[in-house]
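Q: Supplied in structure tokens, the structure appears directly below.
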Amino acid sequence: MELDPETTAQLKRVLTSLEQLLPKPAARIDWSESHAANWRRHSFSGYLEPIDTIESIHLDDLLGIDKQKKTVEENTRQFLAGYPANNILLWGTRGTGKSSLVRALLHSYAPRGLRVIQVDKDDLIHLPDIVDAIKGEPYKYLIFSDDLSFEVGESSYKMLKSALDGSVYAPPENVLIYVTSNRRHLLPEYESDNRGAMMVEGEIHHGEAVEEKISLSGRFGLWVAFHPFSQDQYVDVVRQWVEKLARKSGASPQWNDEARDAAILWSQKKGDRSGRIAYQFASHWVGQRLLAIKQAEG
């Protein structure tokens, strides 16, 4: 039966609309070449997209967090060796190296089969689809979600909780989950959480509400805390970065009382003392000195 022109035009419009909703065809990732990927959401599902350029950061570049590095690295090595290992929650102050640590692990252990899949918070509901795409691969995968924070009841919160608990859905043995958050329990906490049940207006079962708030973080086998540096720790990290960046540029380290005082003033203006702030100051200080030397040489 031949369709009239108007019906044909309508069908074409419908098909065009459907094409926009369907995920675009994605080639299967060659994990021997690609060490990391992002999960890209598209309409009702999504696909894994390889990351072409990965930040070249080494474990030795992360200064002032030796205890945290040791804990996370040992757990990752257990995982790569096929031994029991834990999912990890890296929590604490911004700029202290939580996400950088995961990227540095990939740089160090990719030759031994480590791979990383980065997943945004809202896409955690697709965890079953993500692990289905890598099930049976001869690599070890960290599903990494950065800077997480939830409200109770979010669908992604429920999926992550289920995956960590393994009660309804559990990732395969070649997958661990590493997440970072500024919040220890991944959820907002209020002053009322520490009050007795009789003092919280509108909350009948106060203890159950508080228990729900810690139930997600409690499912991570390891909690690794990152705290702000003391001034002495911050200055020491700045000094190490100044020396490292100067040597990398072929110059002599320029560390003295002037640099120390400038570093402290920099942190005061930023309102923060962290590895990120230390690196930013060192880059500024060393860069200025190298530029001055070049200009002096004419």
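Just so it is clear, none of the values below were taken in a lab; they were calculated from the coordinates. Because the structure is a prediction, the values reported are computed rather than measured. For neighbour counting, all protein chains shown are included, and Cβ atoms are generated from backbone atoms with ideal geometry for every residue, glycine included.
Q: Using the Karplus curve 6.51 cos²θ - 1.76 cosθ + 1.60 with θ = phi - 60°, what ³J(HN,Hα) values do you get for each residue of segment 49-61, in whole Hz, with x for Gly and Pro?
A: 10, x, 9, 6, 10, 10, 4, 7, 10, 9, 4, 5, 7
Q: Calculate the FRET efficiency for Arg247 and Lys158 from the Cβ-Cβ distance with a Förster distance of 45 Å, rounded to the nearest 0.05.
A: The calculated FRET efficiency here is 0.35.
Q: Another one. Students often get this wrong, so check it: of Lys70/Lys98; Lys248/Lys294; Lys67/Lys161; Lys98/Lys158; Lys69/Lys269, which have C-alpha atoms separated by over 18 Å?
A: On the way: Lys70/Lys98 13 Å; Lys248/Lys294 16 Å; Lys67/Lys161 27 Å; Lys98/Lys158 24 Å; Lys69/Lys269 28 Å.
With Cα atoms farther than 18 Å apart: Lys67/Lys161; Lys98/Lys158; Lys69/Lys269.
Q: For the pair Asp132 and Arg183, what calculated FRET efficiency results from E = 1/(1 + (r/R0)^6), where r is the Cβ-Cβ distance and R0 = 25 Å, to the nearest 0.05?
A: The formula returns an efficiency of 0.25 here.
Q: Which whole-Hz ³J(HN,Hα) couplings does segment 285-291 yield from phi under the Karplus relation 6.51 cos²θ - 1.76 cosθ + 1.60, θ = phi - 60°, glycine and proline marked x?
A: 5, 5, x, 4, 5, 5, 5
Q: Per 0.36 nm of contour for each residue apart, how much would the distance between Lys294 and Arg41 grow if the chain were fully extended, relative to their Cα-Cα spacing?
A: Taking 0.36 nm per residue and subtracting the Cα distance, the gain is 86.3 nm.
Q: Which whole-number percent gives the relative contact order of segment 231-296, counting Cα pairs below 8 Å spaced six or more residues apart?
A: Here the relative contact order equals 41 percent.
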